[in-house]
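Working notes, structure below.
The values are calculated or read from the model by the stated rules, or taken from the named source; none is laboratory data. All figures in this text were calculated on a predicted structure; none of them were measured in a lab. Using ideal geometry, Cβ is built from the backbone for each residue, glycine included, and neighbour counts are taken over all protein chains shown.
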Amino acid sequence: MNPSYQPADVESAAQAHWTAADAYRVVEDARDAQGRSKKKYYACSMLPYPSGKLHMGHVRNYTINDMLVRYLRMSGYNVLMPMGWDAFGLPAENAALKNGVPPAKWTYENIDYMRGQLQAMGLAIDWSREIATCDPSYYKWNQWLFLKMLEKGIAYRKTQVVNWDPVDMTVLANEQVIDGKGWRTGATVERREIPGYYLKISDYAPELLEHTQHKLPGWPERVKLMQENWIGKSEGVRFAFTHDIKDESGALIQDGRMYVFTTRADTIMGVTFCAVAPEHPLAAHAAKTDPKVAAFIEEAKNGGTTEAELATQEKKGVPIGLTVKHPITDEPVPVWVGNYVLMSYGDGAVMGVPAHDERDFAFANKYGIEIIQVVTVDGLNPPEQHFDYHRWQDWYGLKDEAGTRSVTINSDNFSGMRFKEAVAAVAHALAQKGLGELKTTWRLRDWGVSRQRYWGTPIPIIHCDEHGAVPVPEKDLPVVLPTDCVPDGSGNPLHKHEGFHAGVVCPVCGKPARRETDTMDTFVDSSWYFMRYCDPKNDQAMVGAGAAYWMPMDQYIGGIEHAILHLLYARFWTKVMRDLGLVKVDEPFAKLLTQGMVLNHIYYRRGPSGGKDYFPPLEVTPVLDAQGRISGGTLADGSSVEYGGVGKMGKSERNGVDPQDLIEKYGADTARLYTMFTAPPEATLEWNDAAVEGSSRFLRRVWNFGVAQEAFDAKAGRPGVATDFGKEAKALRREVHTLLRQVDYDYQRMQYNTVVSGAMKLLNALEGFRAGDGAGDRAAVREGFGILLRVLYPATPHIAQQLWQQLGYADAVGDLLDAPWPVVDTTALVQDEIELMLQINGKLRGKVVVPASASKDDIEALALASDDFVQHAAGAPPKRVIVVPGRLVNVVL
């Protein structure tokens, strides 16, 4: 046994042992030594994008998973921990533009490198189940299920508003639009309507919401709330403003009805304008004769296409010179076209009630539109001025969402009503006129899965001049994506790829046709990969017996940034697969853990144009202010840099720590231990180089203690099982098993920072014990160190494995991989003697040791006979003796 801890040697030996044993290959319905079926447990981390290198967020995520897997395996479970690659997407196309290499080559090279990094971490991954979403054997099933959804009407085709870069002639994702311009060309981005495919996730909105509220008990409350808000159930009234506006043919536009939806029908008498989206038929009609409206619609094309974008941009609009009728009063209401109204949300029109809506209030103030108060708060008088909207909404009840304090005013027959009464009355009046009804709407919109990009799953559609969009026959799947394309910024290269379209004929008529060049949203790839892990080699079915055994997943682990879209789409995809008879589960993930981010310091210097040039923290010497806080930094050449605080590790800020560097310097076990010890799994972790060194020192202490025990055993002989423990050995065992009880509890609740803390306390206890030559002392130490190694093993498997093997534990108990989790010996917790504080006249004067079974009289006698009492009493007789069981004895003189 090497007298000094050499992480590289220890880790290579441990990994060679695991590889030779094929230690992590998992089979369904595994059996224990007695032939009993083990209980299954499926623990999975969100699959990484193969960007080129792991970051410390990956290390943390996968170590959390690994600790859970190893602990459960030792506890007798059949545990699956798979790994794969979310391999399609924009970064590969960006790399192709930059480096002139096909995305496929870049992606697979990154996968190879990152797989090696994961293996260096010693993770208990079943690599026989590895998948890459860019592999045709995987995305074939994306295409297959898409066609099944098309058959069932879950998938459909319609036009969509997108971001269009007129220079690159391509559609941009929202994140590629920066300040209204294309990320690469700097060209002003336009909003265009083009055809694309959608999935009817909105049909599943009621079930998704109901299951969020009642079938996800193992999910964090904040994630469930985020999902609920995104699904967005709203109960209100949908009604029409009528009009007599006709198109060129003389027909009423939209049958003379402009529909809106509101949750605050009690404010209907406060409508002073209506606003429509730039794409609304009324706006388009007005633009044909009004140059101002036409110009505004063109300008609006350069705005955002999402609700989030519109919420932050300046609210602008122009009147279209047309009016609609108020549904209650029949009074004319002017119509505006507004840049803050989305055609894809609701009916593309909103009623403007500026007194009781912040957005409408800002719009009305900007353009001088009348503001009419129609709701007040019961018992309060309104302020004279209302230009401070937040003060205004406090007084007029908008913050009173339940309507318990709001009362209608200035509303004719509806005045004096509380919220619910007013909504019901308005809905009834509108229904009587045939103009509206109570309605439940959902914020959740159908999922647009078409992407006008190359590196993704080809949508399996063939376009025929005669028969239009025709599904690819199932026998012809997969439609294979060419891997030789190098995007050059001139649009989707699939348009020009002759091989992709060569020989394509219409499945209906057999005439020459062209393939669909849109690819699927990469969220499709990540919506079911966890099911494919269960049946990774099945070429006859999307999922099979493996999914029936492993699903639902018992524990899912990933970042909070995926709390909405990925998780929502995965839940939807699972329900579709269930409805198609592929799986039997309603929800894919029983429990969810969202681990915190890894943070590090940020340093930068502003360039001549005002941009920031970032510097790695390792290259900066911090400068501290008078309070000891970082105020800046200096580089090796003495120049200064600014301090940007702490933030998430990332490439752009250059504040990441390469796990490979850490592994080469300290070893994988140190990297794992540090990320587990520094903060609870759900909390953010602020990087600290000194703490990393502390974790390394601890593991050296563990190794050194093992070396000392090997030397002791060689001298005294390996101890057998001892039952005759001396006083000191009993005290050690009591401390060890007390700590084990707490550590086991912490493992069960996945509080791994306190697990590591408990392991450190175990080592302190063992180091502080002075063992004699007796078999009881040697057995107590050996038992305690064996418990420590098993407690540490899930966090630091390499060093635990080597010490376990070399100190002979494997000969007695078996390989650490499947060694039974240590059980708390309750007899060891029983104390023969207890120590009580000794007080004289309420002041602490010493201690007294008494038998654990001593009676009150016995305790009094022992206290009065103790040296501490005799010394401090100086012969004074006791008047009274007070015994507090288990705590103290107080003698009153």
For segment 869-893, give me the residue count where each residue is touching a residue at least 40 places away in the same chain (Cβ under 8 Å) and at positive phi.
1
Of the numbered conditions (1) surrounded by fewer than 13 Cβ atoms within 10 Å (Cβ to Cβ); (2) in contact with a Lys or Arg (Cβ under 9 Å, 6 or more places away or on another chain); (3) free of Cβ contacts under 8 Å to residues at least 24 places away in the same chain, GLU235 fails exactly one; give the number of that condition.
(3)
Filter segment 794-808 for residues that are in a helix (DSSP H, G or I) and in contact with a Leu (Cβ under 7 Å, 6 or more places away or on another chain); the one that is nearest to PHE705 (Cα to Cα) is LEU803
Out of segment 496-519, which residues are part of a strand (DSSP E or B) and in contact with a Pro (Cβ under 8 Å, 6 or more places away or on another chain)?
VAL505, ARG515, THR519
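The rows are residues; the columns are (1) among the β-branched types (Val, Ile, Thr); (2) within 20 Å of the chain's Cα centre (by Cα).
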residue: LYS591; (1), (2): no, yes
residue: ALA636; (1), (2): no, no
residue: VAL641; (1), (2): yes, no
residue: SER652; (1), (2): no, no
residue: THR670; (1), (2): yes, no
Within the set of pairs 6+ apart or on separate chains, which have a first residue in segment 247-258 that is surrounded by 13 or more Cβ atoms within 10 Å (Cβ to Cβ), a second that is acidic (Asp, Glu), and C-beta atoms under 8 Å apart?
LEU252/ASP244; ILE253/ASP247; GLY256/ASP244; MET258/ASP347
Right, ARG629: surrounded by fewer than 13 Cβ atoms within 10 Å (Cβ to Cβ) and not small (Gly, Ala, Ser) or not?
yes
Quick check on my filter: what residues within segment 816-847 are surrounded by 14 or more Cβ atoms within 10 Å (Cβ to Cβ), of a type in the set (Val, Ile, Thr) and not in a loop (DSSP other than H, G, I, E, B)?
ILE834, ILE840
Of the residues in segment 1-56, those that are aromatic (Phe, Trp, Tyr), over 17 Å from HIS798 (Cβ atoms) and at pLDDT 95 or above come to TYR41, TYR42
Failed condition for THR522, given (1) closer than 20 Å to ALA132 by Cα; (2) of a type in the set (Ser, Thr, Tyr); (3) at pLDDT 95 or above:
(3)
Please verify whether LEU567 is more than 30 Å from ALA691 (Cα to Cα), under 18 Å from the mean Cα position of the chain (by Cα) and surrounded by 19 or more Cβ atoms within 10 Å (Cβ to Cβ), treating the condition exactly as stated.
yes
Residue by residue through segment 103-158, note down the ones that are in contact with a Ser or Thr (Cβ under 7 Å, 6 or more places away or on another chain) and closer than 21 Å to PRO195 by Cα.
ASN142, GLN143
Would you be able to tell me the number of residues in segment 315-368 that are touching a residue at least 12 places away in the same chain (Cβ under 8 Å) and more than 44 Å from the chain's Cα centre (by Cα)?
12
Just to be sure, is GLY448 under 38 Å from the mean Cα position of the chain (by Cα), under 30 Å from GLY89 (Cβ atoms) and at pLDDT below 90?
yes
Candidates ASP554, ASP613 - the one that is acidic (Asp, Glu), in contact (Cβ under 8 Å) with a residue 40 or more places away in the chain and over 17 Å from ASP525 (Cβ atoms):
ASP554
Looking at (1) over 30 Å from ASN655 (Cβ atoms); (2) among the basic types (Lys, Arg); (3) at pLDDT below 95, which is the only condition LYS612 fails?
(1)
